[in-house]
1. Applying the selection to the range 135-150, what residues are loosely packed, with under 13 Cβ neighbours inside 10 Å and not small (Gly, Ala, Ser)?
2. Among the residues of the range 33-41, are any out of contact with any Asp or Glu (no Cβ under 8 Å at 6 or more places or on another chain), part of a loop (DSSP other than H, G, I, E, B), among the small types (Gly, Ala, Ser) and touching a residue at least 40 places away in the same chain (Cβ under 8 Å)?
3. Of these, 125, 111, which one is over 30 Å from residue 47 (Cβ atoms) and surrounded by 10 or more Cβ atoms within 10 Å (Cβ to Cβ)?
4. So is residue 150 modelled with pLDDT of 85 or more, touching a strand residue (DSSP E or B) at 6+ places or on another chain (Cβ under 9 Å) and of a type in the set (A, V, I, L, M, F, W, C) or not?
5. Name the single residue that is nearest to the chain's Cα centre (by Cα) among those in the range 42-63 being in contact (Cβ under 8 Å) with a residue 40 or more places away in the chain and over 23 Å from residue 127 (Cα atoms).
6. Give, as residue ranges, the helices (runs of 4 or more DSSP H) completely inside the range 106-210 that count at least 1 residues that are in the same structural domain as residue 51 (by TED's automatic domain parsing), among the hydrophobic types (A, V, I, L, M, F, W, C) and within 19 Å of the chain's Cα centre (by Cα).
7. Taking the range 209-244 as the region of interest, how many residues are surrounded by 13 or more Cβ atoms within 10 Å (Cβ to Cβ), out of contact with any Asp or Glu (no Cβ under 8 Å at 6 or more places or on another chain) and modelled with pLDDT of 65 or more?
Amino acid sequence: MSSEKNKFNLRSFTSFSLVFSTFIMSVSGFILYVAPPGRIANWGTWKLLLFTKAEWQALHTIFSYLFFILVIIHLFFVNWKAFLTYIKSKVKTGLNRKWELVAATVMSLVILAGTLKEWTPFGPIMTFGEKLKEGWEKDFQAPPAIHMEIYTLEQLSPMLDSIPAQKLMKILLENNIKVDSVNVSLKIIASENNTTPSQLFEILKKNSPAGSHSASPNVPQGAGRYTVQMAATGSGKEVNTMLARLREKGVDATAETTMKAIADQLGITPREAFEMLTKD
């Protein structure tokens, strides 16, 4: 009796694991629903319930895989005989719960189509989630460029008045930031030094000649490299509004046109072009 009690039970193990997996998937799914866009979450210090957005994404993905594996184990290894017997009996006697099957199928198809077509209430639910995500932008700084956390020091150089990457690396080292190569991303450097990409960028700006530039504080360093799309994203303005302003000045531009190209057409500096497009 005692040996039977102490024997490892696969059925119980699978059931408990399914409960834990379902719970973690549900919590992580909700947090990802309200989490800020990656450009903000990965740039600064955003965390919710101790974890970053990337960590919540990893948890959601891994436990989703685990849930799928556990379902396979539960169905084909733990309850295979019972499942097979049930299928055989239904083949012989017919399905007794036809209306329930039809209702479940119809409901699933309606939810599938409604979500893809953004029918009410599915569309408004997703729209509400987007508004919650946008709400974080008031409390957390957005990066000067989209997904700038993956930029290396080499890629940052043009944004900091073309300061050589080796000099940027020296600035970080002088500020007790460990970095081994100019080809390592800000995200990796930040992770290895227990800081954030945004804090590293601030160090580079403050301790470089570009940091003392006399331009407006709203104009980022290396403005000439920015496209109209990047300027719109960073300032919270509409791309079409910026393009319309350029057309009024006789500039033929697209969302991918750089400030340098715009400045050349207008006979001004890239910083002045950026300021012109982003001012109210």
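1. 138, 139
2. Yes, that holds for at least one residue.
3. Working: 125 fails: over 30 Å from residue 47 (Cβ atoms).
When all the criteria are applied, what remains is 111.
4. On the way: modelled with pLDDT of 85 or more: yes; touching a strand residue (DSSP E or B) at 6+ places or on another chain (Cβ under 9 Å): yes; of a type in the set (A, V, I, L, M, F, W, C): yes.
Answer is yes for this residue.
5. 43
6. 122-135
7. The total comes to 14.
Quick grid of which residues meet (1) out of contact with any strand residue (DSSP E or B) (no Cβ under 9 Å at 6 or more places or on another chain); (2) of a type outside the set (Phe, Trp, Tyr); (3) within 30 Å of residue 134 (Cα to Cα); (4) surrounded by 12 or more Cβ atoms within 10 Å (Cβ to Cβ):
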| position | (1), (2), (3), (4) |
| --- | --- |
| 12 | yes, yes, no, no |
| 15 | yes, yes, no, yes |
| 33 | yes, no, yes, yes |
| 37 | yes, yes, yes, yes |
| 57 | yes, yes, yes, yes |
| 60 | yes, yes, yes, yes |
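The values are calculated or read from the model by the stated rules, or taken from the named source; none is laboratory data. Just so we're clear, the structure is a prediction, and the values are computed from it rather than from any experiment. In this analysis, Cβ positions are derived from the backbone assuming ideal geometry, glycine residues included, and neighbour counts consider all displayed protein chains.
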